[in-house]
Amino acid sequence: MEAAGETIWLDMACKVINGYVSNDTALYSTLWVISRGENVLLNALKDPDSLAELDSIPFGEAECEMLMAIGFNGEDFHLEEMEAIHQKWLEEIVPAIAFRNNEKYGAYDRFEDAMADIPNVLPHLLRRAEQAGFDWENFI
């Protein structure tokens, strides 16, 4: 999660798909992307507009908060074992991650600058939102 979290590219996709971005929404939206599978995640980090190719996008509600608790459900939870599994996952996925333009945060001076650049970065995802009748700029 640390490797994929807090990247401007997924924040931009979150804005289009959910209509807003907050700390919680960005986290839960990233978890939704993770829930789509490893290939979807890796493609979205490199090209967030690739999310437009998904068969189904739940505009306005693409969040998967419960995914954070999967490793903690059950009576026999052992923190040490979970930490070892987590470390193994990081060792496997981090080398495969490539961000758009090789930049996790983009070349933006401010968050607002990135949000203003959404039409240039996510044209296909914007088209999908429009086709679904989702007004990503005025959602609340």
* To do: Please go through the stretch 109-126 and pick out each residue that is farther than 10 Å from residue 12 by Cα and outside any helix (DSSP H, G or I).
  => 109, 110
* How many residues are modelled with pLDDT of 75 or more, assigned to a loop (DSSP other than H, G, I, E, B) and not acidic (Asp, Glu) if we restrict to the stretch 53-93? -> 8
* To do: Give 137, 130 a once-over and let me know the one that is in contact with a Lys or Arg (Cβ under 9 Å, 6 or more places away or on another chain) and either among the basic types (Lys, Arg) or exposed (fewer than 14 other Cβ atoms within 10 Å of the Cβ) (or both).
  => 137
* Asked: Which pairs do you get when a residue that is over 18 Å from residue 137 (Cβ atoms) and touching a residue at least 12 places away in the same chain (Cβ under 8 Å), found in the stretch 101-122, comes within reach of a residue that is in a helix (DSSP H, G or I) and of a type in the set (D, E, K, R), reach meaning Cβ atoms under 9 angstrom, with the pair 6+ apart or on two chains?
  -> 106/100; 106/113
* Structure fact -> Of 50, 29, 22, the only residue that is modelled with pLDDT under 95 and either crowded, with 17+ Cβ neighbours inside 10 Å or within 18 Å of residue 94 (Cα to Cα) (or both) is 29
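The values are calculated or read from the model by the stated rules, or taken from the named source; none is laboratory data. Quantities reported herein were computed from a predicted structural model and do not represent experimental measurements. Ideal geometry is used to build each Cβ from the backbone, glycine not excepted, and the neighbour counts take in all protein chains shown.
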